[in-house]
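J.: Okay, handing you the structure first.
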Protein chains: 2
Amino acid sequence: MGKMFVGIDLGGTNIKIGLFDAELKLINNTSVATQADMGPDVVIGKMAETVEKLLAEANLPLSDVVAVGIGTPGPAKYSEGVIIKSTNMPTFKNVPICKMLNDKLGKPIVFDNDANVACFGEYAVGAGQGVKDMVFFTLGTGIGGGIISNGELVHGCAENAAELGHMIIYPDGRTCNCGQKGCVEAYASADSTARRATEAVEAGAESSLKKVLDKKGRITSKDIYQHLVEGDSLAKEITDGTAKALAITCINMLHTTEPKRIVFAGGMIAAGDVLLGRIQEYFDEYIWTLKKEPVEICFATLGEDAGIIGAAALAKHNCPA
Amino acid sequence: MGKMFVGIDLGGTNIKIGLFDAELKLINNTSVATQADMGPDVVIGKMAETVEKLLAEANLPLSDVVAVGIGTPGPAKYSEGVIIKSTNMPTFKNVPICKMLNDKLGKPIVFDNDANVACFGEYAVGAGQGVKDMVFFTLGTGIGGGIISNGELVHGCAENAAELGHMIIYPDGRTCNCGQKGCVEAYASADSTARRATEAVEAGAESSLKKVLDKKGRITSKDIYQHLVEGDSLAKEITDGTAKALAITCINMLHTTEPKRIVFAGGMIAAGDVLLGRIQEYFDEYIWTLKKEPVEICFATLGEDAGIIGAAALAKHNCPA
């Protein structure tokens, strides 16, 4: 088989693990319950066993594995391989996950935060292929990010670079979960988009979304895009607010690390062209006219597997065979 | 003497040239008129002659020079060593400056834009010493910038990264020279700061700056800081607007490339602590409270020589002896 890489996406509920060949093609993969309450020893032991099981199923020896990549939410000292703590895994406190997994598998372990890992996956084999400078946004409950500059992830001085959801675009604007005011996340995440719609309906705006709120007690971003397609004007206004906030953020990234491609991922991209098209329109409206900018704005292509693919891609990048 | 580096700051009016030892200590330096109207051949010939003259004055052989760095405003294809055109040097069109100077001196030529070069100078031997992640702003007529990430300048996909003055912080705000609305440059450059004060006085604001406007026909940023120290409330309000815009931009850079240090340079820093203190206060007020951020905000230390020092530092970085 030659050289292989393992990608692990460690979440609070599930651990996803994939086995990849040297071209980062998936050989096989699986998902097991994290059961963080059992403690780090058990969880990391299960990670190692699952890797061995995937290898056995594929009739491949552990010796063919070059390196293992892990992505997980922080806070962590990624360069030191230590999870400091975890909201979703309360038993994980100052856990030297890289050393512990290396003890079991005897392989180099590459470790980074989940957004960086997904970013690197898109860069290596997804929507970012073929460029060396890329910016990545995940549009979910919050907005996460990743930056690739000249082919490398930007980590920053304390490994907290690319907290792109917390760029302030409206000083003194809406309060964000982080405590700042006017963050792009406070306007354009799935949750904030839904919240802005809910507030507008509650304030008396005419909208077909009112029925949704009355019936379900809440409005989701999915509802908004559906009602937008059906012609609701509030849904359009709310979507415009999201798209404009994202477009301004794209412009700011262009003037910062100057990506060739900006890739959006996360649940919100299910909205499709109705969202992407508006982001591009606002971008074109608000960007300077000094020159034609080379940036391409697009959606991610790896979907749910970005975590395992990205972890394997990062393992390959940092530990080439 | 050992190994030496030459730093050249090519401007529309003067060419500054410095000769530096391996520790980037200045050996000697000079400034000659650019006389761009004589054309690129003459100008670049003069650069080479001046380098040789500096070497002769110091009794040092050309063979001791390892590499030459040049900084100049764009637009240019820096990685290809070509000045595309120049506002201040109209005779410079598609000039392969690196090849032309290399033909004369026989040394590797390193080439970058003036803001990146000054940024790298501060990073190597100025206010950025000791960190690997830094952001640099020049506060002059406009606002320029530079980004160092993990010890390297960020150039971007088309060599136009770090146009930090054109980050939008007030969407639909003041129109910038670049055509965008709400750029930080439209609020916080020396020119914009002066313009905001002038507009306020003309609109009837009470201020001791009115006498300045009546007498000189204009208000400069220097006037504003002087009147601020003397207790003028409009001068304080205008300075606050500048400081807040810069602080928001610092926060956005922190959430982007996460610098350890943010360095301000340019004419405006003559304002001193009255400006730096307010930037820090707004930063502390607007930054999230999730954690104590590690960033240090300070002023540049190299002054007018940043261009030649930075060019030599970049030459040393890219062509170590």
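J.: I'd like to know if segment A:164-177 contains one or more residues that are more than 7 Å from chain B (Cβ to nearest Cβ) and buried (at least 24 other Cβ atoms within 10 Å of the Cβ).
T.: Scanning segment A:164-177 turns up at least one residue that is more than 7 Å from chain B (Cβ to nearest Cβ) and buried (at least 24 other Cβ atoms within 10 Å of the Cβ).
J.: Are any of the residues in segment B:268-276 within 14 Å of chain A (Cβ to nearest Cβ), of a type in the set (A, V, I, L, M, F, W, C) and surrounded by fewer than 23 Cβ atoms within 10 Å (Cβ to Cβ)?
T.: No, because not a single residue in segment B:268-276 is within 14 Å of chain A (Cβ to nearest Cβ), of a type in the set (A, V, I, L, M, F, W, C) and surrounded by fewer than 23 Cβ atoms within 10 Å (Cβ to Cβ).
J.: Of all residues in segment A:247-268, which are hydrophobic (A, V, I, L, M, F, W, C) and either in contact (Cβ under 8 Å) with a residue 40 or more places away in the chain or in contact with a Cys (Cβ under 9 Å, 6 or more places away or on another chain) (or both)?
T.: A:I248, A:C250, A:M253, A:L254, A:I262, A:V263, A:F264, A:A265, A:M268
J.: Could you list all residues from segment B:232-257 that are of a type in the set (S, T, Y) and within 30 Å of A:I148 (Cβ to Cβ)? Lay out the reasoning, then the answer.
T.: At the first step, the residues of segment B:232-257 found to be of a type in the set (S, T, Y) are B:233, B:239, B:242, B:249, B:256-257.
If the condition is that a residue be of a type in the set (S, T, Y) and within 30 Å of A:I148 (Cβ to Cβ), then B:T249, B:T256, B:T257 are the ones that fit.
J.: Can I ask one more? When segment B:124-146 is examined, which residues are found to be more than 12 Å from chain A (Cβ to nearest Cβ), surrounded by fewer than 24 Cβ atoms within 10 Å (Cβ to Cβ) and among the hydrophobic types (A, V, I, L, M, F, W, C)?
T.: B:A124, B:V125, B:A127
J.: Given the structure, is A:I248 farther than 16 Å from A:G121 by Cβ and in contact with a Pro (Cβ under 6 Å, 6 or more places away or on another chain)?
T.: yes
J.: Output yes when any residue across segment B:147-154 is touching a residue at least 12 places away in the same chain (Cβ under 8 Å), under 23 Å from B:S221 (Cα atoms) and more than 8 Å from chain A (Cβ to nearest Cβ), and no when none is.
T.: Among the residues of segment B:147-154, not one is touching a residue at least 12 places away in the same chain (Cβ under 8 Å), under 23 Å from B:S221 (Cα atoms) and more than 8 Å from chain A (Cβ to nearest Cβ), which makes the answer no.
J.: On to the next question. Could you tell me whether A:T220 is away from chain B (no Cβ under 12 Å), within 24 Å of A:Y170 (Cα to Cα) and modelled with pLDDT of 95 or more? Please lay out each step first, then the result.
T.: Numbers: away from chain B (no Cβ under 12 Å): yes; within 24 Å of A:Y170 (Cα to Cα): yes; modelled with pLDDT of 95 or more: yes.
The answer is yes for A:T220.
J.: Here's a check for you: in segment A:42-75, which residue that is among the charged types (D, E, K, R) and within 16 Å of A:C98 (Cα to Cα) is surrounded by the most Cβ atoms within 10 Å (Cβ to Cβ)?
T.: So the residue we want is A:K46.
J.: Between B:E237, B:E202, which is farther than 19 Å from B:D273 by Cα and either assigned by TED's automatic domain parsing to the domain that holds B:T138 or in contact with a Cys (Cβ under 9 Å, 6 or more places away or on another chain) (or both)?
T.: The conditions single out B:E202.
J.: Follow-up. Filter segment B:286-301 down to residues that are facing another protein chain (nearest Cβ under 7 Å), buried (at least 16 other Cβ atoms within 10 Å of the Cβ) and at pLDDT below 95, then give me how many there are.
T.: Total meeting the criteria: 2.
J.: Additional query: Inside segment A:167-205, can you point out the residues that are in a loop (DSSP other than H, G, I, E, B), among the small types (G, A, S) and under 22 Å from B:I169 (Cα atoms)? If you could, list the steps in order and put the result at the bottom.
T.: Here is the first cut: in segment A:167-205, the residues in a loop (DSSP other than H, G, I, E, B) are A:167, A:169-174, A:176-180, A:182, A:184, A:189, A:203-205.
Next cut, among the small types (G, A, S) only: A:173, A:179, A:182, A:189, A:203-205.
If the condition is that a residue be in a loop (DSSP other than H, G, I, E, B), among the small types (G, A, S) and under 22 Å from B:I169 (Cα atoms), then A:G173, A:G179, A:G182, A:S189 are the ones that fit.
J.: Would a scan of segment A:185-200 turn up a residue that is in contact (Cβ under 8 Å) with a residue 12 or more places away in the chain, within 11 Å of chain B (Cβ to nearest Cβ) and in contact with a Gly (Cβ under 9 Å, 6 or more places away or on another chain)? If you could, list the steps in order and put the result at the bottom.
T.: Keep residues of segment A:185-200 that are in contact (Cβ under 8 Å) with a residue 12 or more places away in the chain, which gives A:185-194, A:196-198, A:200.
Applying the additional criterion that residues be within 11 Å of chain B (Cβ to nearest Cβ) yields A:185, A:187.
Then drop every residue that is not in contact with a Gly (Cβ under 9 Å, 6 or more places away or on another chain), which leaves A:185, A:187.
Yes, segment A:185-200 has at least one match.
J.: For the subset of segment B:64-121 comprising residues that are touching a Pro at 6+ places or on another chain (Cβ under 9 Å) and polar (S, T, N, Q), which member is modelled with the highest pLDDT?
T.: The extreme case among them is B:N102.
J.: Which one of B:I297, B:I308, B:I279 is under 21 Å from the mean Cα position of the chain (by Cα) and assigned by TED's automatic domain parsing to the domain that holds B:V65?
T.: B:I308 is the lone residue from the list that is under 21 Å from the mean Cα position of the chain (by Cα) and assigned by TED's automatic domain parsing to the domain that holds B:V65.
J.: While we're on this one: Does segment B:199-207 contain any residue that is surrounded by fewer than 24 Cβ atoms within 10 Å (Cβ to Cβ) and closer than 22 Å to B:T138 by Cα?
T.: Looking through segment B:199-207, none of the residues is surrounded by fewer than 24 Cβ atoms within 10 Å (Cβ to Cβ) and closer than 22 Å to B:T138 by Cα.
J.: Please specify each residue of segment B:1-20 satisfying the condition of being in a loop (DSSP other than H, G, I, E, B) and either within 24 Å of the chain's Cα centre (by Cα) or within 29 Å of B:N94 (Cβ to Cβ) (or both).
T.: B:G11, B:G12, B:T13
J.: Inspect segment B:48-62 for any residue being within 19 Å of B:F111 (Cα to Cα) and touching a Phe, Trp or Tyr at 6+ places or on another chain (Cβ under 9 Å) and give the result as yes or no.
T.: Checked segment B:48-62: no residue is within 19 Å of B:F111 (Cα to Cα) and touching a Phe, Trp or Tyr at 6+ places or on another chain (Cβ under 9 Å).
J.: Let me ask something else about it. Looking only at residues that are charged (D, E, K, R) and assigned to a loop (DSSP other than H, G, I, E, B) in segment B:148-166, which one is farthest from A:N252 (Cα to Cα)?
T.: My answer is B:E159.
J.: Still on this structure, please answer the following. Taking segment A:21-48 only, how many residues are in a strand (DSSP E or B) and of a type in the set (A, V, I, L, M)?
T.: 4
J.: Report, by residue number, each residue of segment A:224-267 that is of a type in the set (G, A, S), surrounded by 20 or more Cβ atoms within 10 Å (Cβ to Cβ) and more than 10 Å from every other protein chain (Cβ to nearest Cβ).
T.: A:A235, A:A243, A:A265, A:G266
The values are calculated or read from the model by the stated rules, or taken from the named source; none is laboratory data. If you're wondering where the values come from, they're calculated on a predicted model, not measured in any experiment. Don't worry about glycine lacking a Cβ; one is built from the backbone with ideal geometry, like all the others, and counts go over all protein chains shown.
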